[in-house]
Amino acid sequence: MTTQLYPGTLVAVTRRHARLLTRDGSILEATIGSRSLEPCVGDEVMWKNEQSQISVEEILPRTNCLLRSYERKTKKLAANVDLLLVVTAPEPLLNLSSLDRMLAAAHKENIPTCIVLNKADLENSKEALSRLEQIYSQVALQTLYVSAHSGEGVDDLVELLKPDEREKIAIAGVSGVGKSSLLNELIPNSEARTRDVSQRTGQGKQTTSHVEAHIYAGSGKPSFLIDLPGIQNFGVSHLSDVEVRDSLKEFEAFAANCRFNNCWHLAEPDCAIQSALKNGELPQSRYDSYIDMLQEVRGRQDY
Ligand SMILES: Nc1nc2c(ncn2[C@@H]2O[C@H](COP(=O)(O)OP(=O)(O)OP(=O)(O)O)[C@@H](O)[C@H]2O)c(=O)[nH]1
Ligand SMILES: [Mg+2]
Ligand SMILES: [Zn+2]
């Protein structure tokens, strides 16, 4: 007799266990059926129930898997992501280098992105907004201006969560920008933990320490909001140098005018990117991020 398998979605994963949402809306704790399975939050799986032992037996093909590198390892963050919200906040948390790295990792997996500037209630947020709009108008689908504290702009976020269009939305951003706070606004009973920046014991301490998908009921079928831990050093060494170069979408139109069609925009003659930077047609911060990522993926070299 063959065992019956049922479909489900993984909402949390540890080394040997997973929490899954069944099609009838129950949450089950499961073991991972075999060592060869490497599950990830967002995975669509088949699971079985044998004498009340629930186990994940199969991972269905992924449409994408958002990865990040650190040291020599590559870690899976979330699978089957329909949209990545890259959350940021005004200075001192406006970290463009991290933002560009997250955008590059998303681009590699063909995941559309939105930039979300949180903490719109802070005085210096307008300044941050105009900077972001200037830099990213060609890169992200849109830049949202929100405040988890005052509720400003949260309706715009709700618009993005229309379940029929986007089922799995991941929320990335450096620690302290307010990812979990926004999630709590969107799903009031999600109980994502947040913490005061002032209570932090220093850099690198995160409040959210593991990836977790929260279920957003909205109307109709559920969608998933995947809260990612704040990552200060979002490594991209799983990208090739070409993928890093291609991740800068707004460079493309200019690069068509470089003398060499395989120009790396470093010290080549007649480089249209270099001219665009000089004329202020491209933002220096994006180029700096490019060089920084290129150095990472090629091994440290000075350009
Ligand atoms: N002024 C202001 N503060 C906010 C807002 N949203 C969040 N915060 C504060 O920012 C701090 C960090 O919020 P979290 O939601 O824990 O941030 P996070 O991005 O989830 O952080 P990690 O889990 O460490 O990655 C908390 O003190 C929040 O109260 C906002 O809209 N305005
Ligand atoms: Mg958090
Ligand atoms: Zn060039």
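Quick rundown of the values:
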item	result
Cα lying deepest toward the dipole's positive end in the chain, options Ser26, Leu225, Ser150, charges on Cβ	Ser26
Gyration tensor (alpha-carbon) shape descriptor, segment 39-128, a/c threshold 1.5	prolate
Relative contact order %, the chain, counting alpha carbon pairs below 8 Å whose residues are six or more apart	15
Ranked by how many other beta carbons lie within 10 Å on average, peptides 77-90, 135-148 from highest	77-90, 135-148
Dipole magnitude (debye, nearest 20) for the chain, charges at Cβ of Lys, Arg, Asp, Glu	920
Per-bin percent of Cα-Cα distances, segment 86-180 [10 Å]	15, 53, 29, 2
Size of charge dipole - segment 6-59 - debye, nearest 20, with Cβ of Lys, Arg +1 and Asp, Glu -1, no other charges	180
Disulfide-incompatible cysteines by the Cβ rule (no partner under 4.7 Å) in the chain	Cys40, Cys65, Cys114, Cys271
Centre separation in Å (Cα based) which lies between segment 123-140 and segment 67-113	17
Highest average packing first - 249-259, 172-182, Cβ atoms within 10 Å	172-182, 249-259
For segment 6-59: relative contact order, % (alpha-carbon pairs under 8 angstrom, 6 or more apart)	35
Spherically averaged projected area of segment 6-59 from its Cα convex hull (nm²)	3.1
Cβ-Cβ FRET estimate between Leu28 and Leu141, R0 fixed at 45 Å, reported to 0.05	0.85
Spread of Cα-to-Cα distances over 10 Å intervals beginning at zero, given as percent, for the chain	6, 26, 32, 22, 11, 3, 0, 0
Computed P(r) (all Cα pairs; segment 227-275; 5 Å bins; percent)	4, 19, 23, 18, 13, 10, 6, 5, 2
Structure-based [θ]222 nm, the chain - -39500 (n - 2.57) summed over DSSP H runs of at least 4, per residue, nearest 500	-7000 deg cm²/dmol
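None of the figures in this text is laboratory data; all of them are computed from the coordinates on show. These figures come from a predicted structure and were not determined experimentally. With ideal geometry, Cβ positions are generated from the backbone for all residues, glycine too; neighbour counts draw on all protein chains shown.
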